Amino acid sequence: MEYHFVSTSKIQERLDISAKALGDYINKGLLIAGVHYSVLPGGHKRYNVELLTDWLINQQDPNAHQRAIDHYLKSLPSNQGRRKAN
């Protein structure tokens, strides 16, 4: 699966969610930095479309959403095994 990160305005558009709601979810600790969103050096946020969508769908089933998070984290290059040089 590919993961896509988009700006606040794009995630609002795609998921019909307000910037205030996103901020509230972040402040309440419901969205995880480095997983659901990333903060760029200038302070702008980029949201993980697939994980935010999964979170919205699975709010009543945190175990299902945790599986999606685990899958995402395993897919990161930093979590891939090192290849030995020939």
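The values are calculated or read from the model by the stated rules, or taken from the named source; none is laboratory data. Quantities reported herein were computed from a predicted structural model and do not represent experimental measurements. Glycine gets a Cβ as well: all are built from the backbone with ideal geometry, and neighbour counts include every protein chain shown.
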Hey, does region 69-85 have a residue that's assigned to a helix (DSSP H, G or I), among the small types (Gly, Ala, Ser) and in contact with a Phe, Trp or Tyr (Cβ under 8 Å, 6 or more places away or on another chain)? yes
Pairs with Cβ under 6 Å, 6+ apart, first in region 55-82 and free of Cβ contacts under 8 Å to residues at least 40 places away in the same chain and under 19 Å from Tyr25 (Cβ atoms), second surrounded by 10 or more Cβ atoms within 10 Å (Cβ to Cβ) and of a type in the set (Gly, Ala, Ser): Asn58/Ala64
Per the filter on region 1-13, residues out of contact with any helix residue (DSSP H, G or I) (no Cβ under 6 Å at 6 or more places or on another chain) and modelled with pLDDT under 95 are Met1, Glu2
Listed residues Gly23, Gly43, Gly29; which is assigned to a helix (DSSP H, G or I), of a type outside the set (Asp, Glu) and closer than 20 Å to Thr8 by Cβ? Gly23
Taking Tyr3 as meeting all but one of (1) part of a loop (DSSP other than H, G, I, E, B); (2) surrounded by 13 or more Cβ atoms within 10 Å (Cβ to Cβ); (3) under 11 Å from the mean Cα position of the chain (by Cα), write down the number of the exception. (2)
